[in-house]
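The values are calculated or read from the model by the stated rules, or taken from the named source; none is laboratory data. Worth saying up front: this structure is predicted, and the values here are computed from it rather than measured. Methodologically, a virtual Cβ is constructed for each residue, glycine included, from the backbone with ideal geometry; neighbour enumeration extends over all protein chains shown.
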Amino acid sequence: MRAWWGRWADCPSCALALALLATPAAAVQPDEMLADPGLEARAREISRDIRCPVCQGETIDDSSAPISRDLRLIIRERLVAGDTDAEVVDYIVARYGEFVLFNPRAEGSNLILWLAGPALLLAAIAVAVAAQRRRILPEEQLTQAEEARLTEILKD
Amino acid sequence: MIVELGHFALILALMVALVQSTLPLWGAHRGDGGLMALAVPAALIQLALVAASFAALTWAFVNSDFSLAVVVQNSHTEKPLIYKISGVWGNHEGSLLLWVLILAVYGAAVALFGGNLPVRLRARVLSVQGMIGVAFMLFMLLTSNPFWRLAAPPLDGQDLNPLLQDPGLAFHPPFLYLGYVGLSMAYSFAVAALIEGKVDAAWGRWVRPWTLVSWMFLTIGIGLGSWWAYYELGWGGFWFWDPVENASFMPWLLAIALLHSAIVVEKRESLKAWTILLAIMAFGFSLIGTFIVRSGVITSVHAFANDPDRGVFILMILGLFTGGALVLFALRAGAMEAKGLFSVVSRESALVANNILLAVAAFVVFIGTIWPLVAELLLGRTLSVGEPFFNAAFTPFVVGLALILPPGAMLAWKRGALERSFKALVPALVLSFALGALAYAMQSNRTALGPVGLALGAWVLFGALTDLWARTGRNGLGARVARLTRLPRSDWGKAVAHGGLGVTIFAVSAMLAWKVEDIRVVQIGETFSLGAYEVRLDDVREVKGQNYDSTMGFLTVTRNGAVVAELTPEKRFYPVAGMPTTEAAIDYSYLRDLYIVLGDRQQSGGWAVRSYIEPFANWLWGGCLLMAFGGLLSLSDRRYRVAAGAAKRTPVGVPAE
């Protein structure tokens, strides 16, 4: 399955962690934090969008799993090395796959995901407008059959 | 013995539900009054039997009967009594029993209070309700029986997950289920109307209170869950766009849409087919929610013990009930002829816009929730969809709704004048802009989120107040104030619920924009500053709890030398479950919460301490409560009017205002 999976499935305590609910977090530890507040803020910003690979839907910013700590440290290393935010994210995706991105990239088949809402909104508006038109018309004019019947009645 | 009686009662209840779901329906078709009348006692007996069954399971939990598998897996003799009771629904099997109990309660409510319903409609509604009961009781007895005995009972249980041993969470599931299952009423009424081939103003009037009740409970349930996450999970987050949260959020959104479209059916006899469709969808999404929580196909922080068999069974229930209703809808929707025509600028159109935005917003949440599944099965991509997507894709709908709400709510039925509602709203508009600008000038960071959220929330809140005030007429101030107290409760309900939405919008953006966070190592006796406050770590001690061991920090928070709060955050360890938890210490206040979490002891000595200032956190829960209270007010009005005015009410609906 996933590259990281084998490694963590072997570890009994991690398997146990998987079975539990979101473990309340120690998350970001003081010793991980960078001295430069600008860089640290960027690191936090990035890690809020990265998913912990072994938890159930937590960000690495919230998770206390060891691998999340590793990822947080990697992000900070890359930032200190001078990477841009995008480069850091690319670096992580190259190693852990797009599974870790909580913000799915709007490219390829993901465009369906991103465009489904706006497309449905436009369609719904179109239907509503059409229904509105239809709703008003019948009152204003008679159908041909009704017209014919009316003239017939009036003839007598 | 008691357990066997409970088990037997459940099987009997299934039999009664079988009768309830078939004979009255047949009677309604044949015009046989006797068979139709059967629905009422059947619904009442079903409730009595399910309640007996539930009582038996509760008895087993309270008395720690470890011959029952669910009790072993979810309880322990040393657990406090309240959590022994909440343990009944803190697991898959027991929560299903609660689900069925609530379903039976709603069914019995129709049987008892539905005296003013046409006999035929009541028989059909109760029959459909009975069918849902049959499906879920079968599901329980076949795949998830809570009364399963163990051949060799252990001496003690495995304890309830400590995270769930919490007063907030004890009541979160019952409220949610009251909401989810309440939507089954709207569904039953919709299906009954489709079978009948008739939807009129009266139908709208009967459906609305049930939808209002379930929406109210959903609001409280979601609010409780969010509050629990906020204080229990230890980082002050209140909404994670987790699949299971979304599962409760989608029916909530659709219930709001349904509430509003049912008003149009009731007052104007329009949007009938759409309202029926919404009722089916709303309950359909409740079932999808059930599927998501219990099948395990989508990974979530809320893991119930999962089992593929159960998933398949729920999928069958989902397919049967939504699919069946939709087929019926396709066959019969043509018969739902709209009577009330309306112009483009009218209350009806505003409510159509409301419905479009809410339904599409629910769809966006839906596609975001299932996209990882779709991508993995069909495209072979393993990916995640989380908060950033939902924030980007969902927020525009909230903004759109908030913008159109105040003018839309003030438009007249049938044909309105935009200029008039805008003229009345000028003060609200100016005031909200001014507040937004003030916030922008005062805030220390340069985000737009906080000020825009404040302006938007204020616009909705002041808009609701303007609407209320406009209803008091054109006389002098004194007369208008006097009139205010005599306005119908539904007017108050509307204003309070809309105001609550405004407060919620503001609180969410404030918490996201202006949160202050501090993470550091603190030595005992050391003081650090957090915003305008000084925090001192006085001591850290070991404390013994009833069924856990605790490491408790003692902190004093001061401001300008004056003590603001003494906080005791804890790290707990539950030996039976073998699980640690974090108990944040929170000083609640009107404008902000101080939120402190004790972390690990550091090798350098000292402790990791995480502290937050959460601005306007209480306003978020307050906003949820206001929304729910608005629903309650409106409901009390409806009941009064349905009872008192049923005879003299003309079926045409109220004239355009």
Picking from B:SER95, B:SER86, which residue would you name as being surrounded by 24 or more Cβ atoms within 10 Å (Cβ to Cβ), touching a helix residue (DSSP H, G or I) at 6+ places or on another chain (Cβ under 8 Å) and over 19 Å from B:TRP210 (Cα atoms)?
B:SER86
Given (1) more than 27 Å from A:ALA116 (Cβ to Cβ); (2) part of a helix (DSSP H, G or I), identify the lone condition not met by B:VAL345.
(2)
Check whether at least one residue in segment B:76-91 is free of Cβ contacts under 8 Å to residues at least 12 places away in the same chain and either outside the structural domain of B:LEU183 (by TED's automatic domain parsing) or more than 26 Å from B:GLY204 (Cβ to Cβ) (or both), and report yes or no.
no
Taking interchain pairs and intrachain pairs at least six residues apart, which have beta carbon atoms under 7 angstrom, with the first residue in segment B:582-603 and crowded, with 23+ Cβ neighbours inside 10 Å and among the aromatic types (Phe, Trp, Tyr) and the second part of a loop (DSSP other than H, G, I, E, B) and at pLDDT 90 or above?
B:TYR595/B:ALA584
Which of the helices (runs of 4 or more DSSP H) found entirely inside segment B:64-179 contain at least 2 residues meeting this: within 19 Å of B:ILE317 (Cα to Cα)?
B:92-113, B:119-143
Does B:VAL496 satisfy being in the same structural domain as B:VAL597 (by TED's automatic domain parsing) and surrounded by 21 or more Cβ atoms within 10 Å (Cβ to Cβ)?
no
Looking at segment B:208-245, which of its residues are assigned to a helix (DSSP H, G or I), hydrophobic (A, V, I, L, M, F, W, C) and within 14 Å of another protein chain (Cβ to nearest Cβ)?
B:TRP228, B:ALA229, B:VAL244
Is it true that some residue in segment B:249-270 is away from every other protein chain (no Cβ under 12 Å) and within 25 Å of A:ASP61 (Cα to Cα)?
yes
Residue set B:GLY463, B:GLY408, B:GLY457, B:GLY436; condition without any contact (Cβ under 8 Å) to a residue 40 or more places away in the chain, over 30 Å from A:VAL100 (Cβ atoms) and small (Gly, Ala, Ser); output residue B:GLY436
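Please verify whether segment B:358-376 includes one or more residues that are more than 23 Å from B:PRO615 (Cβ to Cβ), more than 13 Å from chain A (Cβ to nearest Cβ) and under 30 Å from the mean Cα position of the chain (by Cα).
If we filter segment B:358-376 for residues that are more than 23 Å from B:PRO615 (Cβ to Cβ), which is where we start, we get B:358-376.
Filter once more, so that each one left must be more than 13 Å from chain A (Cβ to nearest Cβ): none.
No, there is no match, as no residue in segment B:358-376 is more than 23 Å from B:PRO615 (Cβ to Cβ), more than 13 Å from chain A (Cβ to nearest Cβ) and under 30 Å from the mean Cα position of the chain (by Cα).
For (1) modelled with pLDDT of 95 or more; (2) within 26 Å of B:TYR590 (Cβ to Cβ), each residue gets a yes or a no:
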position	(1), (2)
B:TRP469	no, yes
B:VAL496	yes, yes
B:ARG520	no, no
B:GLN523	no, no
Among the residues of segment B:595-605, are any in a strand (DSSP E or B), modelled with pLDDT under 90, touching a Lys or Arg at 6+ places or on another chain (Cβ under 7 Å) and not assigned by TED's automatic domain parsing to the domain that holds B:GLY237?
yes
Would you confirm whether any residue within segment B:385-399 is outside any helix (DSSP H, G or I), farther than 20 Å from B:PHE506 by Cα and either touching a helix residue (DSSP H, G or I) at 6+ places or on another chain (Cβ under 8 Å) or away from chain A (no Cβ under 12 Å) (or both)?
yes
Taking segment B:411-436 on its own, how many of its residues are part of a helix (DSSP H, G or I) and aromatic (Phe, Trp, Tyr)?
2
Considering only residues that are at the interface with chain B (Cβ under 7 Å from one of its Cβ atoms) and either farther than 20 Å from B:PRO396 by Cβ or loosely packed, with under 14 Cβ neighbours inside 10 Å (or both), which ones fall in segment A:101-131?
A:LEU101, A:SER109
Being part of a helix (DSSP H, G or I), crowded, with 16+ Cβ neighbours inside 10 Å and free of Cβ contacts under 8 Å to residues at least 60 places away in the same chain narrows it down to one residue among B:ALA28, B:ALA43, B:ALA52; which is it?
B:ALA52
Residue in segment B:622-639 that is charged (D, E, K, R), assigned to a strand (DSSP E or B) and surrounded by 15 or more Cβ atoms within 10 Å (Cβ to Cβ) present
no
For B:PHE175, which of the numbered conditions (1) assigned by TED's automatic domain parsing to the domain that holds B:VAL265; (2) over 25 Å from the mean Cα position of the chain (by Cα) fails to hold?
(2)
B:ASN391: within 20 Å of the chain's Cα centre (by Cα), of a type outside the set (Ser, Thr, Tyr) and surrounded by fewer than 19 Cβ atoms within 10 Å (Cβ to Cβ), yes or no?
yes
Taking the condition of being assigned to a helix (DSSP H, G or I), in contact (Cβ under 8 Å) with a residue 40 or more places away in the chain and among the aromatic types (Phe, Trp, Tyr), how many residues in segment A:77-130 meet it?
2
Looking at B:SER67 and the list (1) of a type outside the set (D, E, K, R); (2) surrounded by fewer than 20 Cβ atoms within 10 Å (Cβ to Cβ); (3) within 20 Å of B:MET185 (Cβ to Cβ); (4) in contact with a Pro (Cβ under 6 Å, 6 or more places away or on another chain), which single condition is not satisfied?
(3)
So for segment B:520-534 (the condition being farther than 25 Å from A:GLU32 by Cβ and hydrophobic (A, V, I, L, M, F, W, C)), does at least one residue qualify?
yes
If you scan segment B:552-581, which residues turn out to be over 20 Å from B:TRP228 (Cα atoms), charged (D, E, K, R) and crowded, with 20+ Cβ neighbours inside 10 Å?
none
